[in-house]
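Working notes, beginning with the structure itself.
Nothing in this text is a laboratory measurement; each read-out follows from the coordinates by a stated rule. Remember, predicted model here, so these are calculated numbers, not experimental data. Cβ: placed from backbone, ideal geometry, glycine included. Neighbour counts: every protein chain shown.
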Amino acid sequence: MRNDIPELQKRIYGGDTQAFKELYDCFCTPLLQLALAIVHNREMAEEIVADVFIAIWKKKENLHQASNLKWYLYAATRNIALNYLRKYAHKKTLHLDEACLPEYEVNPEAQLISHEMMQHINRAIGELPPQCRLIFKLVKEDGLKYREVAILLNISIKTVENQVGIALKKLTKMKAFLIASLPGAQ
């Protein structure tokens, strides 16, 4: 994630289309994953994310009122996704527990870890229960605070803490196993 979101926000407020593209490039994938976890339909999730960015551009004159644009984008995505579910509930309602997320993406620091180890870590993350996997991704990859995730998913902060703890325990066990299996390990 970028650290210059407030600067992008100011530039978009001024009508800078390049800044808008940079914001889109930065947040499209994580917002798509969130929308997909809620609606379980890729086409609908893509439409939701497009709606979020269209709304941002249309209301760019009010953008200075958003004190945390990153949080605003996540909340808008969640709200629009829930509105889509209500609108299309008669077709099929899906639950967060049925979420199917794409494989966990590696950040640049993790590139130092061997490809094989990353495959094991990705497999361990992929084996987490869907809600646990989503919460772990929002906290660890997207950098949201526990409180923000709790509000976003309409769950308690304690549930967020517990789910992150479950994920970290599983990953710690995987790490210990991998280290023990390295050549030369005692």
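Note down the Stokes-Einstein diffusion coefficient of region 5-87 in µm²/s, whole number, using a Kirkwood radius over alpha carbon pairs, 25 °C, and 0.890 mPa s. Before the final figure, lay out each step's value.
Details: Rh = 12.7 Å.
So the translational diffusion coefficient is about 193 µm²/s.
Given a Förster radius of 45 Å and the C-beta distance between residue 10 and residue 169 as r, what FRET efficiency does 1/(1 + (r/R0)^6) yield to the nearest 0.05? Before the final figure, lay out each step's value.
Working: r = 42 Å, r/R0 = 0.93.
Computed FRET efficiency for residue 10 and residue 169: 0.60.
By how many nm would the segment from residue 127 to residue 75 lengthen if fully extended, with 0.36 nm per residue of separation less the alpha-carbon distance?
Details: separation 52, 0.36 × 52 = 18.72 nm, distance 2.66 nm.
In short, 16.1 nm is gained.
Sort 147-158, 73-84 by packing, meaning the average of other beta carbons within 10 Å per residue, with the highest value first.
On the way: 147-158: 15.8, 73-84: 19.2.
Ranking the peptides 147-158, 73-84 by packing returns 73-84, 147-158.
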